[in-house]
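What follows is one structure encoded as structure tokens, with my remarks underneath.
The values are calculated or read from the model by the stated rules, or taken from the named source; none is laboratory data. Remember, it's a predicted structure, so these values are computed and weren't measured experimentally. Glycine also receives a Cβ, built like all others from the backbone with ideal geometry; neighbour counts cover every protein chain displayed. Only protein heavy atoms, including side chains, enter the accessible area calculation; ligands, DNA and RNA are left aside. Shrake-Rupley method; radii C 1.70, N 1.55, O 1.52, S 1.80 Å.
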Amino acid sequence: MSGYILVIIVGVIVLAGLTYMNLRKISKSTADLTQLKKRTLLWSEISLALFVVQLFFRDRQGGFLLFFGLLTLFTGAHYFGVLYYSRKRKNG
């Protein structure tokens, strides 16, 4: 059980690091963010749908439920980051 928790903690740290690095690159980018915004929204919706399906049909351990929950947080953070920077560019 402790190995399972260790893997979850390492996974969260890795995903948080990736999110931070990606959003830093997006903030410095001058590219149009429209396509990225659409793509991140699509992946956020897919991961949320998989999370909800897994919520209804989960197994006893809930490993996939936790995985899709973390994936939903990861893709959602990217979407809101891209949305923030695209609105910031329009207003600024």
### Query
Quick check: anything in the stretch 52-74 free of Cβ contacts under 8 Å to residues at least 24 places away in the same chain and farther than 24 Å from residue 4 by Cβ?
no
### Task
Look at the stretch 1-20 and say how many of its residues are outside any helix (DSSP H, G or I) and either within 11 Å of residue 74 (Cβ to Cβ) or modelled with pLDDT of 85 or more (or both).
0
### Message
If I ask for residues that are open to solvent by 60 Å² or more (accessible area, probe 1.4 Å) and of a type in the set (A, V, I, L, M), which ones from the stretch 17-51 would you list?
### Response
18, 21, 41, 42, 46, 48, 50
### Message
Which of the numbered conditions does residue 23 fail, given that it passes all the others? Conditions: (1) modelled with pLDDT of 90 or more; (2) within 28 Å of residue 4 (Cα to Cα); (3) among the aliphatic types (A, V, I, L, M).
### Response
(2)
### Message
One residue is enough: does the stretch 85-92 have a residue meeting the conditions open to solvent by less than 50 Å² (accessible area, probe 1.4 Å), under 24 Å from residue 13 (Cα atoms) and touching a residue at least 24 places away in the same chain (Cβ under 8 Å)?
### Response
no
## Note on the structure
A careful count of residues in the stretch 56-69 that are among the hydrophobic types (A, V, I, L, M, F, W, C) and open to solvent by 70 Å² or more (accessible area, probe 1.4 Å) gives 4
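Residues are listed down the side, and each one gets a yes or a no for (1) closer than 30 Å to residue 87 by Cβ; (2) within 15 Å of the chain's Cα centre (by Cα); (3) aromatic (Phe, Trp, Tyr):
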{"site": "4", "(1), (2), (3)": "no, no, yes"}
{"site": "12", "(1), (2), (3)": "yes, yes, no"}
{"site": "17", "(1), (2), (3)": "yes, yes, no"}
{"site": "33", "(1), (2), (3)": "yes, no, no"}
{"site": "42", "(1), (2), (3)": "yes, yes, no"}
{"site": "54", "(1), (2), (3)": "no, no, no"}
{"site": "58", "(1), (2), (3)": "no, no, no"}
